[in-house]
1. What number of residues within the range 47-69 satisfy the criterion of being farther than 17 Å from PHE99 by Cβ and surrounded by fewer than 22 Cβ atoms within 10 Å (Cβ to Cβ)?
2. Go through the range 240-264 and count every residue that is among the charged types (D, E, K, R) and under 20 Å from LEU300 (Cα atoms).
3. Return a yes/no flag: does the range 390-407 have any residue that is in a helix (DSSP H, G or I), in contact (Cβ under 8 Å) with a residue 60 or more places away in the chain, of a type in the set (Phe, Trp, Tyr) and surrounded by 14 or more Cβ atoms within 10 Å (Cβ to Cβ).
4. Name the residue that is nearest to ASN245 (Cα to Cα), counting only residues in the range 267-284 that are open to solvent by 20 Å² or more (accessible area, probe 1.4 Å) and touching a residue at least 40 places away in the same chain (Cβ under 8 Å).
5. Kindly evaluate VAL349 against the criterion of being at negative phi and surrounded by fewer than 24 Cβ atoms within 10 Å (Cβ to Cβ).
6. Inspect the range 304-313 for any residue being part of a helix (DSSP H, G or I), modelled with pLDDT under 95 and in contact with a helix residue (DSSP H, G or I) (Cβ under 9 Å, 6 or more places away or on another chain) and give the result as yes or no.
7. What helices (runs of 4 or more DSSP H) completely inside the range 186-251 contain at least 3 residues that are surrounded by 18 or more Cβ atoms within 10 Å (Cβ to Cβ)?
8. In the range 290-303, what count of residues is obtained for those that are part of a helix (DSSP H, G or I) and either open to solvent by less than 20 Å² (accessible area, probe 1.4 Å) or of a type outside the set (A, V, I, L, M) (or both)?
Amino acid sequence: MAATLSESCAPARVRHRADTIFLFSMATRIISMQSGFAMLEAAYVRPMHAANIMMKNLMDTLLGALIFYAIGFQIAYGTQPAFLDDEKGFDWTFFVTAFSYATTTATIDSGALAGRVNFVSYLLLSMMMTGIIYPVAVSWVWGGGWLQKWGYHDFAGGSLIHGVGGMSALVCVCYIGPRVGRYRNYQPWTGAWSRIFLERHPAAFYRGPMSEVERKVFLSILPIHNPVQSLFGVFLLFTGFLAFNPASALSTTNNQDLVVAATSAKTLLSTAATTIAVFIAAAVQRRSTAISVPDLTTALIGAAVSSCGCCDVVPPVFACVVGFIGSLLALSTRNLLDRLMIDDVVAAVGSHGAPGLWGVVSVPIFAKPDCFSNVTGLVFGGGQAAWELLGVQLVGVLSLTAFTFTMTYITVFLIDRIIGFRCSRSSELIGLDFMEHDFDDGSLTASPEKSYLKNTMADPTPLDSLVQRYKRKNSFSEQSNFSSSSMESPVDAAVQPTAISAEEHQKKVERMKKEIAALEKQLAELRGDGPLLAQMHRRIDHNKEEQYSIFGDSASPRPQEPSAPVGRSIRHSQRNSVIKSDAPASSSGV
């Protein structure tokens, strides 16, 4: 039964019916881009992290809606959404549309950090992005702030959404470090960067498996693990961008439907320029016409993103140029970060950050005035006004990136110091699907190595770390001074570990550490001048003299024994006794 609207509710309508329907449909399609991001990211990670990716994209959307409703929208636009009375003219249509852009910004971090970030820590970062960092940037550009007053032009958030998200992702991946085994010759930060990005682990931690148990569990990292799923996710994103950019028109009435049509067409053409870029990249990089799936997905997103800031003012042919350059920037940025050993799993920084900023800078270069805009670029004789706009665009880009860098760094630093930003080593090797979401595909019970890692190397949960922070020092995977030899397990990996209490587990770990320390000391002495071996010879001679004196044969000559065989036999017997014994070995090893 249809409800009738009383006269007292007449002021509640703030938009034309056509505009309301248009914005809600566009916002729904933009939010559905989260499924595309999730499919794309899950295709790049190893299978034991795929569900974790899906969970992050779903949860940051849901939590983001709450935090954006509570504080984010008011920070961005200066208006508090209604809490109790929603019939006094609040524009809920605009609220949903604004949130759809906010959640897109927050999810860019997810792909860059895939496979190694703590689930709760990521959600805190996502809420900070949706509730404070992005809204503050919006207030500058779209909320009547200083950049908007200066004439800064960013139609659909090339710098505001993708530039901010890309810079945040860059800070996160530099701080957290690469996935275990991603770079076999990884080198830590040096110089001033080492004082900014405080790596908690030595270089050996990131290079790969450090024990036989880890080698049996470790799954090699491929450039992409599910190419079909990746292409499907990118296809969802591509169609989503055809709503992402036109939605910024905010209306279809008063001839704004022509802006919607034009921006959709230019977004399509800009993205289509990807085809030329990927063929050129294949010819330059591999001397081939074979296009790789990662190249296509990265370049396509980069081209679509580059159209966001300028699709309302550039002519169609220059939209193709902007998209072409954006694709090359995305691929070049991805390759540069890879050369610098910065592990951006889905090339989020390359496909969002650099192309988004480029699209905004292209406005004073390629803009052409029309019935809806009087912005004139340098190509069309903009002259002094175009140069001034270029300066404003550059100032805006630098301001947004500097603000995002600072706020993201502070957020990540505090999260890392309080509850830890990176997941435990065992979680990364076993799989975040099990360790974070309790999903066992059967491999945990079937693999004694995974069971061993789970029982002996698991970090405390974030809540445990917050309440009992001192336990972090006793966690086997959080030690900052361990070496590759300290990771060798003295326990037979073929034996299925039995369930033990937390106290027994801690005692066992401490005993193992003492045994390993004793072995390391013995090996160090044997590699040097041999003081341990000499001490062992003297001990043997002393014991034999005491034996002869006790039995009355001290005058009889002692049998001569070759030194080398005795030394080797004693060394092997001592090493085996230390490994098999349950009691801690002495420092001398005898």
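The values are calculated or read from the model by the stated rules, or taken from the named source; none is laboratory data. Since this is a predicted model, take the numbers as computed values, not measurements. All Cβ positions, even for glycine, are placed from backbone atoms using ideal geometry, and neighbour counts span all protein chains on display. Areas reflect the complete protein model, heavy atoms only, side chains present, ligands, DNA and RNA absent. Shrake-Rupley method; radii C 1.70, N 1.55, O 1.52, S 1.80 Å.
1. Total meeting the criteria: 4.
2. Result for the range 240-264: 0.
3. Looking through the range 390-407, at least one residue is in a helix (DSSP H, G or I), in contact (Cβ under 8 Å) with a residue 60 or more places away in the chain, of a type in the set (Phe, Trp, Tyr) and surrounded by 14 or more Cβ atoms within 10 Å (Cβ to Cβ).
4. Among those residues, the one meeting the criterion is LEU269.
5. Here the answer is no, as VAL349 does not meet what is asked.
6. The answer is no; no qualifying residue exists.
7. Correct list: 203-207, 212-217, 227-244.
8. The qualifying residues number 8.
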